[in-house]
Structure formats: C-alpha cells, structure tokens
Amino acid sequence: MAPANKAERKAVVDASAWMFNVVTSVGIIIVNKALMATYGFSFATTLTGLHFATTTLMTAVLRWLGYIQSSHLPMAELLKFVLFANFSIVGMNVSLMWNSVGFYQIAKLSMIPVSCFLEVVMDKIRYSRDTKLSIAVVLLGVGVCTVTDVSVNTKGFIAAFIAVWSTSLQQYYVHHLQRRYNLSSFNLLGHTAPAQAGTLLLLGPFLDYWLTSQRVDAYNYNIVSIMFILLSCTIAVGTNLSQFICIGRFTAVSFQVLGHMKTILVLIMGFFFFGKEGLNLHVVLGMIIAVAGMIWYGNASSKPGGKERRSLSLPTIRQQKPSNLSDSNEHDSKV
C-alpha cells in the first residue's frame, strides 16, 4: 500500500508543479503584454532584472524565517549558470527584434532537439522510438499553429543560435545542479537569483536603450504602470520557482515538451480576449496535433525504456536537507 500511496503522492505533486508553472507563466505573459503594449514599458531586460531582484527578496525572507537552510554552490558553477541564463535572456530579446515572428518560433522549437542532444551527450539518456516520435509530433503541432512568415538574416540567425543554446544549457544546468549538489529549488534560486538580478539591473538599462532607443529612467511612470510592474514581479517569483521545481523533478526536455501547453493556452486565451481573427482551421489542427503529441510523450516517456539513463554514476554532494521546503527537491530515479 505504501508504494501506491507514494506513487499517488508523487503524481499529485508533479501535476501541482506543472499547474503552478502553467498558471504563473501564462499570467506573466498577459501582464507583460499589457505593460508593454498598453503602457509602453518596453524595457524587457531591466524588467527581468527586477523579477530576479524580487525573487532574491523572497528567498532572503524565507531563509530569515528558517524555511531555507544554508547550502553550497561552487563559484565556478554559479558563474557558468549565470552566464548561460543571462545570454538566454538577452539572446531571446535580440532574436525577437532581429528575426521574423515565424523564425523566432522555429528557434524556440529547436530548443527541444538541442535539449535532447545535451541529455544524450552529458547524461547518457536513451530515448525509445515512441518517445522520439511523440516529440516530433509536438514540434509539428506547435509549428503548424505558431509559425507563419519565415525570413532569415545573418545577424538574426546568430542571435537565435546563441539564444537556443544558452537557454538549453541553462535549463539543463537547473536539473544538473540540483542533482549534483543536492539543492532544492529554493536553495538554487537563493544562489542564482541575486547574481542574475545584479548583472541584469546593471546591464539591462544599456541593453534596453540599444534595443529600443529609449531610456528606462525617462519612462513616464504612473500609478497604473507601477502596479503592473509590481504585479509582474510578484508573478515572476512563482514563474522562476515553478521552473526550477519542474526541471528539478523532471528534465529540461520534459519541461520543454509539456511546456508547449502554455503556448496553446496563450493562443486560446488570445482568441477569447483579443478576438477570433487568428482562429482558423490550421491553427486548431496544430493545437490538436500538439496536445496529442504531449499526451503520447507523457505515456511513452513513463514506460520502461521510454527514457532511461545508461549510466547513473553522477556523484552527489550531500548537504543538509531543508526541513520545511524539501518537497521541491525530491530526486526520483526516473528521468
């Protein structure tokens, strides 16, 4: 009975983690869209720096209250992670500016095969035929409903290349560092968020000025725009935390594949809130294909041999386990 209860509890926690990530991710997209499109706050990199500053404050409060205990992450690992993470943020912003929306979406989709490649090379993961086919179906479905015009230029391709590889490496390292150093999601955020906040708030205003030709300090702040910024920062805490929880419990590939459900939900909500002019047969067909692929992936990857590690020799640095927030750091043998 105990194993069944443990499996049921894990399923509930897994589903809750995914729902937490979906709700916060979709919520922050809607809030940021209103902030940037309606109120003209187009300083995406600086806003991301504020997100991590708020996340840093949250982890500091939790540590002060005793919910997060001290842990260790080597400086070399921290610098490597922050480098990948910041290149990911900057690369995505530049890629969106320099590329067509269609090529930007293709670049985002390519993160899945890149993440698969990293897991195969770095972690010796082996995928079954059904798992590979299900990933292909997800890519096809999301591509059908999101990719429209596609035009490529040299500098846009370079920006997209950097964005794809840095994002894939950052997400891989979230899972790797939690396993390697036995860190909970809260512990890892406590190490990485301050460094990301500091670097992005320092470089963000200059990068945003380069991208938009506008200065963040010259923006016409008012009570409504400030409320939206605060709301965005608050939701971002949940988004950052839920990403670390999901990747820590699963892998970067699973996070990418199942994460495209957020893309589908954003499209559906856009139809409800902003009119149905984008709703047509090929978009609906793409959604159906993508959701079918996600369901297939979930079933295929959970079967014996669907996705397994050929070597489990990764050493683990044992640390004192947090007493209150340890659920986010359950390391299961399944990958």
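Tabulated values for the structure
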| item | result |
| --- | --- |
| From the C-alpha gyration tensor of region 27-76, square roots of 5λ in Å | 31, 14, 8 |
| Residue among Ser16, Thr192, Ser100 farthest towards the positive dipole end of region 15-307, charges placed on Cβ | Ser16 |
| Rounded percent of accessible protein surface that carbon and sulfur make up, the chain, 1.4 Å probe | 69 |
| 3J(HN,Hα) from dihedral phi, region 27-41, Karplus parametrisation 6.51/-1.76/1.60, rounded to Hz, x for glycine, proline | x, 6, 5, 5, 5, 5, 5, 5, 4, 7, 7, 8, 10, x, 8 |
| Efficiency of FRET between Met36 and Ser151 - r from beta-carbon atoms, R0 25 angstrom, step 0.05 | 0.60 |
| Surface accessible to a 1.4 Å probe, per residue, for the residues of region 17-75, Å² | 47 |
| In sequence order, calculated HN-Hα J values of region 155-167 (Karplus, 6.51, -1.76, 1.60; Hz; x Gly/Pro) | 5, x, 5, 5, 4, 5, 4, 5, 5, 5, 6, 5, 5 |
| Asp14, Asp217, reordered so the largest accessible area comes first (probe 1.4 Å) | Asp217, Asp14 |
| Percent RCO, i.e. relative contact order, over the chain, from Cα pairs under 8 Å lying at least 6 residues apart | 37 |
| Sorted peptide list for 71-82, 136-147, criterion being average Cβ within 10 angstrom, highest first | 136-147, 71-82 |
| Solvent-accessible surface ranking, highest first, for Ile125, Ile288 at 1.4 angstrom | Ile288, Ile125 |
| For the chain, the spread of Cα positions along each principal axis, largest first, Å | 58, 51, 37 |
| Debye, to nearest 20: dipole size of the chain, +1 on Lys, Arg Cβ, -1 on Asp, Glu Cβ | 820 |
| The chain, helix-only ellipticity at 222 nm - DSSP H runs n ≥ 4, -39,500 (n - 2.57), divided by all residues, nearest 500 | -25500 deg cm²/dmol |
| Average accessible surface area per residue within region 104-180, 1.4 Å rolling probe, Å² | 42 |
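The values are calculated or read from the model by the stated rules, or taken from the named source; none is laboratory data. Here the structure is a predicted model, which means the values were calculated and not measured. Counting neighbours? That spans all protein chains shown, and the Cβs are built from the backbone with ideal geometry, glycine included. Calculation scope for accessible area: heavy atoms of the full protein, side chains included, ligands and nucleic acids excluded. Shrake-Rupley method; radii C 1.70, N 1.55, O 1.52, S 1.80 Å.
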